[in-house]
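Some notes on the structure that comes next.
Just so it is clear, none of the values below were taken in a lab; they were calculated from the coordinates. Worth saying up front: this structure is predicted, and the values here are computed from it rather than measured. Every residue, glycine as well, gets a Cβ built from its backbone with ideal geometry; the counts of neighbours run over all protein chains shown.
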């Protein structure tokens with residue numbers, strides 16, 4: 001009865017259960033954590049350790065999917081929005097720098113250096129960084145480090161959610177006190193910023209390389225992404241700088257030139273299948289995790305998270321003072337590295353709902369908190385984590 005089709009169905013079922021639990025808990029329990037736990041327990045009991053390979057998702061997820069996805073990331077970057085929120089960008093970069101510095105120099109004193117290097121990029125971002133580190137560690141035979149990268153990706157949100165909620169509540173209450181006292185007010189421009197910040201901007205650059213829409217089918221869009229990803233891989237070989245970084249940069253450039261569509265994979269209706277393949281490829285590394293290995297890495301995992309958050313906290317305090325920003329909001333912006341979108345949007349909106357007594361107060365809070373939180377997650381997870389991972393893969 002068991003064949004490649006059933007293997008694919010089992011993979012999909014595990015992801016669906018994770019998404020249901022995440023929905024029922026309003027994202028406080030990450031879907032990836034649930035899926036990873038189910039797969040890990042399954043590997044120890046009834047699920048074949050070759051499940052993901054049997055589903056035929058591994059070669060696709062480990063090769064073309066990751067390069068296409070990173071190139072796609074470049075097509076959703078709005079340089080104008082980053083410029084408008086330049087303080088948020090500076091805050092997030094400073095926070096990630098503090099995380100990397102403290103973990104890199106203090107971490108090896110308390111734990112294996114390979115675990116620090118493999119776990120830090122996933123801690124600063126999302127699945128792409130985790131994939132890069134998991135693959136790099138596995139290729140060097142560092143199986144514990146490979147599994148460590150996956151587990152860091154799966155559990156990082158548990159540290160980020162509660163601390164972010166506390167920071168946003170403190171900042172939200174401060175803002176509400178001023179609003180209720182009549183010292184500040186919202187306006188239509190602020191509310192329009194809230195509505196547009198989660199929208200992917202349309203191409204506003206050149207049109208010289210743009211293909212007429214009647215010819216721009218999903219296959220054409222995917223092929224264009226493939227061409228740019230191929231160029232990025234060549235640049236990676238020629239320059240020695242990771243092809244992943246070039247894929248992100250080229251995604252931005254070719255989107256500006258009109259060759260790549262904005263939000264290309266969603267336009268081609270292909271984003272979810274590529275992300276599914278990439279996610280299952282990452283989770284396939286759990287087949288090498290034994291109960292003994294898991295017990296050995298729990299301690300280092302907690303240590304790395306604590307060090308990372310402390311480093312982020314210290315540099316958030318410094319940059320907030322330099323830029324004259326609220327520390328609570330600055331720290332919350334940095335913490336988006338631990339979960340990213342859409343969880344940054346969910347936490348922010350739920351906080352505003354809890355604090356506001358009416359729609360006017362909620363609109364005011366959203367106008368002050370939402371834009372910077374969304375941009376924060378974009379800077380940390382989408383952009384910076386890929387760059388950090390491309391550096392750390394060479395340090396293993």
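Some notes on this structure:
- In terms of its alpha-carbon gyration tensor, region 287-396 comes out prolate; a/c meets the 1.5 threshold, and the first ratio a/b outweighs b/c.
- Note on region 80-133: along the principal axes its Cα atoms extend 41, 23, 9 Å, ordered by decreasing extent.
- Here 339, 271, 328, 153 are placed in order of increasing Cβ neighbour count within 10 Å, fewest first, which gives 271, 328, 339, 153.
- On the basis of the beta-carbon distance and an R0 of 45 Å, residue 257 and residue 110 show a calculated FRET efficiency of 0.40.
- Rg ratio (alpha-carbon, reference 2.2 N^0.38 Å) - region 25-132: 1.38
- Computed on the Cα trace of region 1-82, the radius of gyration divided by the Kirkwood hydrodynamic radius gives Rg/Rh = 1.09.
- Overall shape: prolate for region 202-262, with the ratio a/c of the largest to smallest alpha carbon gyration tensor axis at 1.5 or above and a/b above b/c.
- Efficiency of FRET between residue 6 and residue 273 - r from beta-carbon atoms, R0 30 angstrom, step 0.05: 0.95
- Remark: the Cα gyration tensor places region 222-292 in the oblate category, a/c being 1.5 or greater and a/b not exceeding b/c.
- Legend: ranking of residues 259, 250, 378, 215 from fewest to most surrounding C-beta atoms inside 10 Å; resulting order 215, 259, 250, 378.
- As a proxy for reagent exposure, 4, 179 were ordered by neighbouring Cβ count within 10 angstrom, fewest first; the result is 4, 179.
- Comparing 88, 45, 348 in a Gaussian network model of the chain where C-alpha atoms under 10 Å apart are linked, the largest mean-square fluctuation is found at 45.
- Kirkwood Rh in Å, taken over all unlike Cα pairs in region 227-365: 19.7 Å
- Stretching residue 181 away from residue 158 to a fully extended chain increases their span by 4.7 nm, per 0.36 nm per residue minus the current alpha-carbon distance.
- Residue list for region 260-293, given a label point 7 angstrom along the Cα-to-Cβ vector of residue 63 and an amide N cut-off under 12 Å: none
- Hull volume in cubic angstrom per residue (convex hull over the Cα atoms of region 266-334): 127 Å³
- D_trans [Stokes-Einstein, Kirkwood Rh over alpha-carbon pairs] for the chain, 4 °C, 1.567 mPa s, µm² s⁻¹: 60 µm²/s
- Cα gyration tensor of region 327-387 - equivalent ellipsoid semi-axes, whole Å, descending: 23, 10, 9
- Average silhouette area of region 49-189, convex hull of alpha-carbon atoms, in square nanometres: 12.6 nm²
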